[in-house]
Amino acid sequence: MAVGDARPPAVDSEWRERFVMGWDADQYRNINEAFAKAKRALELTSAQADTRAQLQAAARYFATKPSRSPDDCPLFTRYVELARSGGKAYRRELFDLGVSTTWAWIDSTCPSEIPASELEALANELGDQGRLFYVLEKQVVAPWVSDRRAEAAALMSKQFDYAIAGFQRAHRLLRMSDLELIADPNATAPKRWLDRAEREFEIDDFPNLAADLFSNQAIVAFRAGAHAEAMKHMEKALIRLRMGVMPPDQTAMNLLSFAKYLLALNKIRQAVALMEESRNYTLTEPTAIISRSTWLLKGYARVNSAEAFAAGEREVQRITELFTSAPDRAVRRPQTIEAIAEFYESYGRLDLALRASKQMIAAIQDAALRANESARVQTQEQLNVALKDKENAQLRADAELQAERQRGWILAFAMAAAGVAAAGTAMALAMRQSRRLARVSAQLAQRNSELEQRSATRIRLLAAACHDLRQPAHALGMLAELGGTAQQEPARFSAWLQSVRRSTASLSDMLDELMDLGRLDGGHYTPQLGEVPLGELMQEVMLHFGPLAHRKGLTLQAAPVEVHITSDRHLLRRMLFNVVSNAIKYTDRGDVRVGIETVGEQVRLSVQDSGPGIPPDKIDEVFRDYVRLNPTKAAEGLGIGLSIVRRAAELLGHELTLKSAPGHGTCVSLTLPLSTAAPAPTAATEEQSAAADGAVVAVLENDADVRDAMAALLQSWGYRVCAGPEAQAVLASAAEQSLQPHLIITDLHLDNTDGLTEVARLRDGLASPALPALLVTGDLDGTVTGQAALAGVYVAHKPLAPRKLAALVRQLLHAPAELGPTLAPDQAHTPTLPLGA
């Protein structure tokens with residue numbers, strides 16, 4: 001009788017109370033405690049003569065056992081044989097044993113495993129239709145593990161007809177959400193299943209099931225971009241996981257899953273902490289252990305500290321030991337070796353990264369050789385079978401030759417043809433595998449070559465950078481020595497101060513260029529597109545480069561305009577500054593003109609100089625890394641300015657053109673899209689911004705020199721300041737001065753913590769959750785601004801000119817709404833302040 005056609009049987013109350021509401025429910029409360037009790041019960045009954053008690057204890061043992069292994073088969077077989085020996089007297093116990101375990105999940109078999117068809121017959125014979133829930137549970141396994149999702153989903157849907165408890169329905173809904181997530185990471189159905197599952201049972205009564213539910217809800221929310229909701233579900237799951245209600249391996253894998261998503265959100269330290277916490281839970285499979293080490297390496301690569309490097313080295317050693325000792329060489333996955341290479345590359349250890357890359361290629365080639373050998377053996381076996389079949393056919397043909405000569409020959413030829421066809425198919429398969437693996441090997445070889453080239457380029461670039469950075473650093477060192485005597489003469493002191501500023505600005509510009517190049521080259525920059533007023537950029541060009549052009553006897557022209565375009569303000573400013581700087585650097589007389597031309601819905605921003613021009617055969621070279629066509633004219637800079645312009649223009653999709661001829665100057669142009677948004681409110685003037693009104697500003701900065709400079713600058717504008725390297729120190733400073741901060745200014749990277757975490761602590765300590773906060777950072781990663789949006793913190797990017805900082809401080813103190821609202825957690829953009837100058 002089919003499951004769906006079973007007539008409603010009688011209710012077996014004893015079985016429901018013992019098996020369903022007892023053993024099965026216990027595993028969803030706390031599977032580790034349930035198994036410990038079942039194990040003790042089995043040990044006690046083993047010494048008794050009560051066969052039924054022994055069989056029930058064995059079924060309970062297998063029903064609550066957290067994991068299966070081939071070693072369980074002999075014990076299971078012993079009790080199955082014991083139940084069968086009793087005939088109909090132990091049908092109930094035989095059914096309970098049969099539905100309590102399956103080996104299909106671990107890709108293994110046990111000869112005594114009871115097939116689903118026999119269990120279905122037993123369920124119909126025993127009478128309670130609730131048993132059919134567990135028969136279907138057994139039937140689900142085969143299509144699930146063989147990836148027949150539709151069949152598995154149909155069987156799970158049938159289970160709802162036979163469920164007698166809410167926790168059963170909730171667990172089915174959880175597994176249906178798993179099925180949907182495997183089939184489509186962007187599916188919306190899992191959220192519906194999970195919301196329905198949450199209504200099916202009491203959360204506090206089933207901590208294991210609740211941990212599973214909240215874990216899935218967190219993953220679904222992470223994938224949907226609802227990060228605040230995901231974090232709430234994750235915290236609920238973590239509370240229960242840490243209670244020890246799940247099997248250790250499942251707990252470890254859940255922690256790793258959370259860590260992966262936190263890593264993607266740039267919550268580096270929290271992610272690494274969860275990965276390291278997963279070490280408290282045993283993983284037995286080498287592939288799972290290697291997977292954990294692989295993700296730890298990805299996390300340590302992002303932490304970038306001496307401690308993290310040492311920890312990463314230990315993970316590499318652990319992976320190496322498993323690679324060496326594991327009998328299955330398939331554990332040497334290329335993804336893991338690639339993670340090792342990226343880890344070393346992030347710490348500048350390009351030699352070790354290169355070595356890991358070569359190991360990755362060797363692992364792939366080894367896999368290819370093993371696959372080819374496997375295909376060869378398979379092909380040889382099929383050929384042997386074909387030849388044997390041919391030989392047997394020939395023998396049969398000889399035996400029947402006298403009676404049916406013609407039929408024998410036909411049969412022989414048919415069998416031979418079938419054998420050859422099978423061999424040909426196998427050979428074709430082997431050749432396809434070989435070609436595919438050869439392509440993978442070639443791709444990895446190409447990547448290795450690219451890594452070697454990139455390594456060589458970076459080494460040359462760093463060597464050049466060290467040389468060029470030494471000049472302003474050396475100048476600052478000498479000026480520092482002269483500072484004491486220069487103060488005795490006001491005129492000399494003024495000249496000394498100007499020299500310090502020029503050297504500092506030069507050093508800062510070079511470092512900014514290196515940082516921008518690194519982010520653009522590594523693909524770590526997420527553009528923040530928005531409305532950019534070109535008039536402001538023109539003013540900044542005049543303020544920044546006017547004095548330099550004047551000292552060289554050049555005329556710098558940047559006419560004021562009222563045009564707004566759409567771009568990333570930081571990158572556009574960097575591109576414009578680099579082009580203008582280059583024009584002034586290589587122009588000895590005449591002028592440098594910055595102008596715009598509106599063409600339809602686009603704006604052409606051009607920088608024209610009257611310099612010597614560029615030979616036609618050199619034009620393509622100017623946008624390459626570390627190119628100086630006239631080194632005698634390039635006393636400052638790294639030779640990467642126009643390379644950054646090219647990379648940024650490609651990232652933003654802005655057309656970049658260069659026209660030049662020897663003796664007729666050079667013109668570099670960017671084509672930008674006009675903004676369709678209304679012009680933003682004009683920023684406050686410096687005089688307005690400086691009106692402090694006695695406001696108190698809290699400053700979070702771990703660098704003492706920067707912290708003191710920021711405090712002095714704010715105090716010069718009339719603000720009162722409480723400052724410190726972390727929240728606790730700021731709270732102490734505020735209490736000592738009897739101050740209540742009205743605004744927080746923080747850096748992102750602080751000692752052993754980060755600015756967003758300390759802002760939250762400071763708000764808690766001041767009992768002011770809506771206290772305005774400004775994050776000033778040089779980190780241009782979009783995930784940083786995304787986290788800031790979730791925390792209600794506004795962002796401005798370094799370098800930030802004092803007059804811009806003054807305007808931002810006033811706006812955040814008196815009119816934060818004019819800067820735009822803090823975005824909701826599930827929105828893609830962030831309240832970034834595009835005012836960095």
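Annotations
- Pair list, Cβ < 6 Å and 6+ apart or interchain, from the stretch 99-115 residues that are over 21 Å from residue 19 (Cβ atoms) and among the polar types (S, T, N, Q) to residues that are modelled with pLDDT under 85 and open to solvent by 50 Å² or more (accessible area, probe 1.4 Å): 108/70
- Selection status of residue 271, assigned to a helix (DSSP H, G or I), modelled with pLDDT under 90 and surrounded by 21 or more Cβ atoms within 10 Å (Cβ to Cβ): yes
- Subset of the stretch 242-251 that is part of a helix (DSSP H, G or I) and in contact with an Asp or Glu (Cβ under 9 Å, 6 or more places away or on another chain) - its residue that is least open to solvent (accessible area, probe 1.4 Å): 249
- Test: residue in the stretch 233-241 that is under 24 Å from residue 291 (Cα atoms) and in contact (Cβ under 8 Å) with a residue 40 or more places away in the chain: no
- Taking residues in the stretch 290-313 that are more than 17 Å from residue 257 (Cβ to Cβ) and aromatic (Phe, Trp, Tyr), and partners anywhere that are open to solvent by 20 Å² or more (accessible area, probe 1.4 Å) and in a helix (DSSP H, G or I), the pairs with Cβ atoms closer than 8 Å and at least 6 places apart or on different chains are 300/309.
- Extreme residue, nearest to the chain's Cα centre (by Cα), among residues of the stretch 274-290 that are farther than 25 Å from residue 755 by Cα and surrounded by fewer than 18 Cβ atoms within 10 Å (Cβ to Cβ): 288
- Residue within the stretch 501-510 that is within 28 Å of the chain's Cα centre (by Cα), modelled with pLDDT under 75 and hydrophobic (A, V, I, L, M, F, W, C) present: no
- Qualifying position, being surrounded by fewer than 18 Cβ atoms within 10 Å (Cβ to Cβ), over 30 Å from residue 197 (Cα atoms) and touching a residue at least 12 places away in the same chain (Cβ under 8 Å), among 40, 78, 52: 52
- Count of the stretch 11-27 residues which are open to solvent by 30 Å² or more (accessible area, probe 1.4 Å) and not charged (D, E, K, R): 4
- Failed item, numbered, when residue 553 is tested on (1) at pLDDT 85 or above; (2) outside any loop (DSSP other than H, G, I, E, B); (3) open to solvent by 50 Å² or more (accessible area, probe 1.4 Å); (4) not acidic (Asp, Glu): (2)
- Qualifying residue in the stretch 762-776 (condition: open to solvent by less than 30 Å² (accessible area, probe 1.4 Å), part of a helix (DSSP H, G or I) and either modelled with pLDDT of 90 or more or of a type outside the set (Lys, Arg) (or both)): yes
- Candidates are the residues of the stretch 308-360 that are outside any helix (DSSP H, G or I) and under 16 Å from residue 296 (Cα atoms); the one that is modelled with the lowest pLDDT is 333.
- Unmet requirement for residue 570, which otherwise passes all of (1) within 41 Å of the chain's Cα centre (by Cα); (2) farther than 28 Å from residue 676 by Cβ: (2)
- Pairing residues of the stretch 750-768 that are farther than 13 Å from residue 730 by Cβ with residues that are polar (S, T, N, Q), at Cβ distances under 8 Å and at least 6 apart in sequence or on separate chains, gives 751/702; 756/746; 756/787.
- Residues that are in a loop (DSSP other than H, G, I, E, B), in contact with a Leu (Cβ under 7 Å, 6 or more places away or on another chain) and surrounded by 15 or more Cβ atoms within 10 Å (Cβ to Cβ) within the stretch 582-623 comprise 587, 614, 622, 623, listed in sequence order.
- Pairing residues of the stretch 198-209 that are of a type in the set (Lys, Arg) with residues that are part of a helix (DSSP H, G or I) and at pLDDT 90 or above, at Cβ distances under 9 Å and at least 6 apart in sequence or on separate chains, gives 199/166; 199/170.
The values are calculated or read from the model by the stated rules, or taken from the named source; none is laboratory data. Everything numeric here is computed off the predicted structure, so don't read it as measured data. Glycine also receives a Cβ, built like all others from the backbone with ideal geometry; neighbour counts cover every protein chain displayed. Only protein heavy atoms, including side chains, enter the accessible area calculation; ligands, DNA and RNA are left aside. Shrake-Rupley method; radii C 1.70, N 1.55, O 1.52, S 1.80 Å.
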